[in-house]
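Written out below as structure tokens is the structure these notes cover.
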Amino acid sequence: MMDLRQRKLMFALLALLLVFFAGCKSESPTAPPPTTGGGTPSGGVTPPTGASITLTASNATPVVNSTSIITATVTDNNQPVPNGTAVEFSTNLGTFTDTGSNRTVKTTTAGVATATLTSAAAGTATVLATVGNTQKSITVTFSPSGGGGTPPANNPTITSVSPATGLPSGGQRVTIKGTNFREPVRVLFDPGAGVPAKEAFVVSVSATEIVVIDPAFDITTGQTLPVSITVITGAGAPTEQSVTSANAFTYQLAVLTPSLRAVQPTSGPVGGGTRVTIFGDAFQTPLQVFFGAAEAQVLTVNFNQIVAMSPKGSDTAPDGSGTVTGPVTIRVLNISSGKDASLAGAFRYVPKMQITAIGPNEGPSVGGTRVTIDGIGFDDPLTVSLANIVAQVIRVSGSQLIVLSSPLTVTGCADVVGPVVVTNIDNGDSATSVGVGFTYRIAKPVIVSVTPTTIGGSTTIVVLNAQGVARIIIGGVQATIISQTVNPDGTTTFVVQVPPNLKLDTVACPGVSGATAPQPTAFDVTYTSATTGCTDTAAKALIVSPAGVAVLTLVPPAFAPFAGVITPATAGPPPTPATVVVTPSSQTVNAVNTGSGPLTITAVTQTPAGGTGCTRFNVVTGATPATLAQCDTFPIIASYNAPTTPTPVPDQCQVTLITNVGNRTLTLIGTSQ
């Protein structure tokens, strides 16, 4: 008797609950259950005390990055708890797919609530289900996939769902394509956010395709319900596996009333052609978009976003007169439902951008030039480029810009010339200067000064605007740069070794044929930047003098051999004529100083070297010591007293000049034949 009475009471309570939920049907099914402090459900169904919870996992040993569906069956006095009873799921490893966190709250339907668990890390997850003051736990062990988190080759995948939308009444055939599908198969449509998942009716299964009939969900007019689709393969077997495709299917009513929230950009030129994104809800193809009275070209549509091209501003007025500039209303019409929505003044037509003046239109390559650009249609924020180099925007108004030129990376010597381009960031409108642009002036090098030097010495060369790696050429010969110093005034001082092989100009020493002396000579100096190719030449800028040393030159360089000719006595009556010898003429060798320093001859010595040695030679020189300036000469005169008898061995004598730049020896050779 008591059992019958309890059953009647239970049926009465269930009837009241059904009436209560029927009155709540107009509320959004996508809204999560109300929570208070820390997420504990409040309101709705009061959790029973002493409830019994049974937990099962669709796959107790999934691989990482796959899913396992945790099912909580909740009873009270061996009866399913009322629909809408909150079940809190929590885990110490991984996350729940509907919240992306380690906690989620689901409500029961017929005493059952489910949550989908996934983990990117291997390990054992302890899932705790809480209903009121009752808790129950279950473990799910995620094993490594062996591929750095990539599912194994036999794990199911979902590649597409078609169609992707359907009516809330359900009953539509939905095709799920993917890989590694194997029977038995379960397919769940899960809205999340506290709305229980529903199982679809499986029509057919192949390895790459599943066809199901989608379940029904309640939604109100103007709402949509995106759901995730979970495919469980080998359902109920130890090798059960699953895969979830988030928001793969959307329930929506056939009659949708659009709503508009915002557009981006909010302005564009009167010529049209601005790509405008319209944000809102309940957009449904086919649809039309109007800017004022003019229809826009629709590029793409999804439920909450439209991309369209703005029409010409001249077409937006109903009477054809056109809106030249100013705001217009944007209207979206869902053609199938005939419902529309408008956003007043959502888009503003502005004059087509033009550049009318630029000043100044040139500046140095280091940047920092303040440039004023006059025109119309400028709309902050915007970008400006000068000769294809982005400038820094200082001030913006509708008709004038002020920018600073940025530094230019110099790679050549030619000035960099290009147009001025202004682009409005919001609507993409841009203008390019015509006939006048901006010129970056490349600072050309100038040789400022060159200090004189001597051959083989160093010189100091000062160059203005020297950039990069320097090369310096003197008289056509590359010189070695010893050091370089950048000065505060923008010049660079180079200390350069003068090439020792430069050919100095010479002058003939008077009175001494064949003797020449070097003279100070002017050479061209060329600076070249190997980095930019810029160059400058200072003609005859470097005076190079001979080194201040003496140079001993002998003219001619040696004495010719002396040869006496013997004429024997001729036969005849006595007295017999004597033997006659033709004595050779004397010779002169001049010691000449062909250097620029003093030449000192300290002594002249004679040394026998063969035959009778020096006895038959007569050598006459100037007085010693003698100091010779450039082109001065010191004569050495030698003669030979040839004997009347033949010389079996030539007579030889060495004459040595001892000087401050070294010794020089001349050999005297004499014979009679």
For the range 1-108, which strands (runs of 3 or more DSSP E) that fit wholly inside it have 3 or more residues that are at pLDDT 90 or above and of a type in the set (A, V, I, L, M)? 52-57, 67-76
From the list Val448, Val498, Val512, pick out the single residue that is touching a residue at least 24 places away in the same chain (Cβ under 8 Å) and closer than 27 Å to Thr411 by Cα. Val448
Residue set Gly111, Gly123, Gly192; condition at positive phi and either loosely packed, with under 14 Cβ neighbours inside 10 Å or assigned by TED's automatic domain parsing to the domain that holds Val205 (or both); output residue Gly192
The condition from (1) in contact with a Leu (Cβ under 9 Å, 6 or more places away or on another chain); (2) in a strand (DSSP E or B) that Gln284 misses is numbered (2)
For the range 154-178, which positions are exposed (fewer than 15 other Cβ atoms within 10 Å of the Cβ), in contact with a strand residue (DSSP E or B) (Cβ under 6 Å, 6 or more places away or on another chain) and under 14 Å from Ser242 (Cβ atoms)? Thr157
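Inspect all residues belonging to the range 483-493 and state whether any of them is of a type outside the set (Lys, Arg) and under 23 Å from Val549 (Cβ atoms).
Going residue by residue through the range 483-493, those that are of a type outside the set (Lys, Arg) are 483-493.
Going one step further and asking which of them are under 23 Å from Val549 (Cβ atoms), we end up with none.
No, because not a single residue in the range 483-493 is of a type outside the set (Lys, Arg) and under 23 Å from Val549 (Cβ atoms).
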Condition first: modelled with pLDDT under 95 and of a type in the set (A, V, I, L, M, F, W, C). Now tell me which residues in the range 604-613 satisfy that. Ala609
The condition from (1) surrounded by 18 or more Cβ atoms within 10 Å (Cβ to Cβ); (2) in contact with a Gly (Cβ under 8 Å, 6 or more places away or on another chain); (3) of a type outside the set (A, V, I, L, M) that Thr594 misses is numbered (2)
Do we have any residue at all in the range 332-340 that's in a strand (DSSP E or B), on the phi < 0 side of the Ramachandran plot and within 42 Å of the chain's Cα centre (by Cα)? no
Considering the range 282-324, residues that are at pLDDT below 90 and of a type in the set (D, E, K, R), and then whichever is nearest to the chain's Cα centre (by Cα), we arrive at Lys312
Only one of (1) farther than 30 Å from Ser314 by Cα; (2) at pLDDT below 95 fails for Thr369. Which number is that? (2)
In the range 255-314, what residues are in contact with a Lys or Arg (Cβ under 9 Å, 6 or more places away or on another chain), without any contact (Cβ under 8 Å) to a residue 24 or more places away in the chain and within 19 Å of Thr224 (Cα to Cα)? none
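Kindly indicate the residue of the range 363-388 that is assigned to a strand (DSSP E or B) and surrounded by fewer than 18 Cβ atoms within 10 Å (Cβ to Cβ) and also nearest to the chain's Cα centre (by Cα) among those meeting that condition.
Out of the qualifying residues, it is Thr383.
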Unique residue being surrounded by fewer than 16 Cβ atoms within 10 Å (Cβ to Cβ) and either in the same structural domain as Gly514 (by TED's automatic domain parsing) or among the aliphatic types (A, V, I, L, M) (or both) when the list is Ala623, Ala638, Ala642, Ala609: Ala623
Return yes or no: is Val203 surrounded by fewer than 18 Cβ atoms within 10 Å (Cβ to Cβ), modelled with pLDDT of 95 or more and not assigned by TED's automatic domain parsing to the domain that holds Phe283? yes
Residue satisfying condition, being surrounded by fewer than 16 Cβ atoms within 10 Å (Cβ to Cβ) and not polar (S, T, N, Q), within set Pro286, Pro269: Pro286
Please work out which one of (1) within 26 Å of the chain's Cα centre (by Cα); (2) surrounded by 14 or more Cβ atoms within 10 Å (Cβ to Cβ); (3) over 30 Å from Asn304 (Cβ atoms) is the condition Gln354 fails and give its number. (1)
Of all the residues that make up the range 85-98, how many are in contact (Cβ under 8 Å) with a residue 40 or more places away in the chain and over 14 Å from Thr130 (Cα atoms)? 4
Sole miss for Asp315 among (1) surrounded by 17 or more Cβ atoms within 10 Å (Cβ to Cβ); (2) among the acidic types (Asp, Glu); (3) within 22 Å of Thr266 (Cα to Cα) is condition (1)
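The values are calculated or read from the model by the stated rules, or taken from the named source; none is laboratory data. Keep in mind the model is a prediction, meaning the values are calculated, not measured. Ideal geometry is used to build each Cβ from the backbone, glycine not excepted, and the neighbour counts take in all protein chains shown.
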